[in-house]
Amino acid sequence: MNSADGVSTKDKPQAREPAPRVAPLEVHASAPALGWYSDTVHFGEIWERPILDKRQRSIVTVAALIARSHYAQLTGHFNRALKHGLTPTEVVEVVTHLAFYAGWPCAISAVRVMQEVFNSHQILAETVNQSLSRVGLAAEPSDADPDGLAPRCAALDEYTDRLVDGDLWKRTELLPKCRSLATIACLVAQGEVEMLRKEAVRGMQNGLSADELYEAGLHLAFYVGWAKAERAVSVFRRAAIS
Amino acid sequence: MNSADGVSTKDKPQAREPAPRVAPLEVHASAPALGWYSDTVHFGEIWERPILDKRQRSIVTVAALIARSHYAQLTGHFNRALKHGLTPTEVVEVVTHLAFYAGWPCAISAVRVMQEVFNSHQILAETVNQSLSRVGLAAEPSDADPDGLAPRCAALDEYTDRLVDGDLWKRTELLPKCRSLATIACLVAQGEVEMLRKEAVRGMQNGLSADELYEAGLHLAFYVGWAKAERAVSVFRRAAIS
Amino acid sequence: MNSADGVSTKDKPQAREPAPRVAPLEVHASAPALGWYSDTVHFGEIWERPILDKRQRSIVTVAALIARSHYAQLTGHFNRALKHGLTPTEVVEVVTHLAFYAGWPCAISAVRVMQEVFNSHQILAETVNQSLSRVGLAAEPSDADPDGLAPRCAALDEYTDRLVDGDLWKRTELLPKCRSLATIACLVAQGEVEMLRKEAVRGMQNGLSADELYEAGLHLAFYVGWAKAERAVSVFRRAAIS
């Protein structure tokens, strides 16, 4: 008996086969139950669920780790992301995208970890196809306020329109659907429910299904804690209905 | 004059005895006022208040530090936790419990710090009585949905029922009251008010008094900042009334 | 054409002069678009906007970095803060202030970084004018509850009145307006909307204009992510009207 939405019965302690060890050895040595939950449930079960593929799960995971400054885990998950088929260009673009949503310090620190992983794979900077020819082009100021007389309170809105929506989201280094996955994972990790609601809607316009959103919520429970995941799923429920 | 709920007059600068230095020397050298607040108020007064004993304060502190990835402070507070009477088994179980509430990366990184502290005390893995014989047993899938046809949006709820409430909370390595203290401290640290409300109620069912909840809120003000503590206390007020 | 509230056209890729490189070299090498956004928009444009001067932007930045434990970026920004005219005494006081709003672990870890920066500038402890003669004086317990019979639920309120509002905010090492900037940046970084509302009002009483608040929100978008900045600006809108 095996339920797609539930906890699988295989690898239960009663009749357990030697499970592949995914969690670090020190976790198994010091905290055996945590090791068991890690290998059997977290990696053995959640990562294997079919609704999101491993490439998508890597985007979600890397975005959540960057948003929460979990650099110790980021090395391993950049490696997994490359193994799961993300191109170096896509990895660089996820980090670039997150500068805006997680904040500059998160992204700048992630670049350091990323560069080490790229070095270990002998990925050269030349192979990263992140062209500068497009950057900032869409961020042209409009003619609407040539003299800068717009009220100060609208300054952030203007940057959102031109720089984030008008420039960053238009970049072709990452598909809009993947960009939405990274954004949504970041907002779940931050507990930013209000913007999450809007980005869940944009995500569905970019091709994410409601099932994929729920699955991202379940996946993130293991990375950002149960409370933030439950709040996210409740946002997705309302977004999916409307 | 000395008020149990207020700021004590002893160790005031006017007539100060040489206070025991708890804050690191560099804090006293570089930021003397912070050193004074640390020794006189934070450690000299808050940690000494009677409503929560030091064992409980250690659980609250360690949980908050793990939830916020404050590994630099975690070494000292794992040491204090052992000194205050937490067994190694209980420490391991607090970390395991927090994997679910703070997220896996927080717990995995905490294991590394914990192992170093255990090594320094020559605590062997064999003395940690964290049996694997029980783990996952309660996480049996129910017969309610043998074909995995439950809607995807309910997947997280199922994992909550079976894995978190049905398995993790049933483990006997940590008393339910201590498990509640760790959970509540984690949720306060995360600012997760919605789940905090539910866990405050579960905490009172597990034997926490309203006074202990308020005191945990005051204690946490010094670890996670005043704003998150104020929101927590206002949640506890409503939970204690109902 | 150049809009004070928008994205400037100078330094656009079409006709770009060699821009001063502010972002680390490795960012330009590994993530060129992020390097471009960093130098041209973040440092070349946002930091140069006139509504907040660089001294104020340094207070906002340092407070946000401390609140989010971004120690890798803190070294550079402590250096910038000194260059922008903050005195060592003011820097120490910002860190001390944040112990209460960001939590002790954030402040204690920041002291370490600060001390290294001070050492590199040969700033001696003696030059820091953070007198202990005043600390804790205002925190005298009132006569209202000499026997400590006040309900436990009010303990945090008492500490707020005496220790935070009555003592910390009265310290003269930092002007109230600067103290408000640091507090507000910390609360935006934490997503603590409820207390942010109150502190925006106190900030305006301390001399912050509505325009300065909005500008701090825009500045913080680049340090704590777009979502927290948008929520902050919406709080400021309501605070500025009332």
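Candidates in segment C:131-161 are the residues that are charged (D, E, K, R) and modelled with pLDDT under 90; of these, the one that is nearest to the chain's Cα centre (by Cα) is C:R134.
Among C:K198, C:K228, which is the only one that is more than 14 Å from the chain's Cα centre (by Cα) and within 11 Å of chain A (Cβ to nearest Cβ)?
Numbers: C:K198 fails: within 11 Å of chain A (Cβ to nearest Cβ).
Residue meeting the stated conditions: C:K228.
The set of residues in segment A:205-219 being assigned to a helix (DSSP H, G or I) and over 18 Å from B:P151 (Cα atoms) consists of A:Q205 alone.
Quickly run through segment A:153-191 and pick out the residues that are touching a Gly at 6+ places or on another chain (Cβ under 7 Å) and either outside any helix (DSSP H, G or I) or surrounded by fewer than 22 Cβ atoms within 10 Å (Cβ to Cβ) (or both). Listed by number, the residues that qualify are A:E158, A:R162, A:D167, A:K177, A:G191.
Checked against (1) facing chain B (nearest Cβ under 10 Å); (2) at pLDDT below 95, C:K170 passes all but a single condition, namely (1). The C-beta contact set for segment C:156-171 (first residue under 15 Å from B:A229 (Cα atoms), second residue open to solvent by 10 Å² or more (accessible area, probe 1.4 Å) and of a type in the set (G, A, S), distance under 8 angstrom, 6+ apart or interchain) comprises C:E158/C:A150.
Within the set A:T75, A:T96, A:T89, the sole residue that is of a type outside the set (D, E, K, R) and in contact with an Asp or Glu (Cβ under 6 Å, 6 or more places away or on another chain) turns out to be A:T89. Across segment A:52-78, the qualifying residues are those that are among the small types (G, A, S) and more than 8 Å from the chain's Cα centre (by Cα), and the one among them that is farthest from the other protein chains (Cβ to nearest Cβ) is A:G76. Inside segment B:201-225, can you point out the residues that are more than 9 Å from every other protein chain (Cβ to nearest Cβ) and under 24 Å from B:L34 (Cα atoms)? Answer for segment B:201-225, where residues must be more than 9 Å from every other protein chain (Cβ to nearest Cβ) and under 24 Å from B:L34 (Cα atoms): B:A216, B:H219.
Only one entry of B:A229, B:A221, B:A210 meets the criterion of being among the aliphatic types (A, V, I, L, M) and either open to solvent by 10 Å² or more (accessible area, probe 1.4 Å) or in contact with a strand residue (DSSP E or B) (Cβ under 7 Å, 6 or more places away or on another chain) (or both), and that entry is B:A210.
Restricted to helices (runs of 4 or more DSSP H) entirely inside segment B:27-135, those with at least 2 residues that are among the hydroxyl-bearing types (S, T, Y) and open to solvent by 10 Å² or more (accessible area, probe 1.4 Å) are B:71-83, B:104-120.
State whether the residues of segment C:99-112 include one that is within 13 Å of chain A (Cβ to nearest Cβ) and at pLDDT below 95. No, segment C:99-112 contains no residue that is within 13 Å of chain A (Cβ to nearest Cβ) and at pLDDT below 95. Considered as a group, the residues in segment A:1-26 that are assigned to a helix (DSSP H, G or I) and of a type in the set (A, V, I, L, M, F, W, C) include one that is modelled with the highest pLDDT, and that residue is A:L25.
Candidates C:L175, C:L196, C:L208: the one that is over 13 Å from A:L156 (Cα atoms), without any contact (Cβ under 8 Å) to a residue 60 or more places away in the chain and touching a Ser or Thr at 6+ places or on another chain (Cβ under 7 Å) is C:L208. Report yes if some residue within segment C:43-51 is within 30 Å of A:T127 (Cα to Cα), over 12 Å from the mean Cα position of the chain (by Cα) and among the β-branched types (V, I, T); otherwise report no. No, there is no match, as no residue in segment C:43-51 is within 30 Å of A:T127 (Cα to Cα), over 12 Å from the mean Cα position of the chain (by Cα) and among the β-branched types (V, I, T).
The residues listed here are C:K83, C:K198, C:K177; of these, the one that is at pLDDT 95 or above and over 29 Å from C:R231 (Cα atoms) is C:K83. Before we move on, is A:Y71 in contact with a Gly (Cβ under 8 Å, 6 or more places away or on another chain) and either under 24 Å from C:E230 (Cβ atoms) or not hydrophobic (A, V, I, L, M, F, W, C) (or both)? Against the criterion (in contact with a Gly (Cβ under 8 Å, 6 or more places away or on another chain) and either under 24 Å from C:E230 (Cβ atoms) or not hydrophobic (A, V, I, L, M, F, W, C) (or both)), A:Y71 does not qualify.
The values are calculated or read from the model by the stated rules, or taken from the named source; none is laboratory data. Source: prediction; values computed, not measured. Neighbour counts run over all protein chains shown; Cβ positions are idealised from the backbone, glycine included. Just so you know, the surface numbers come from the protein's heavy atoms only, side chains and all, with ligands and any DNA or RNA stripped out. Shrake-Rupley method; radii C 1.70, N 1.55, O 1.52, S 1.80 Å.
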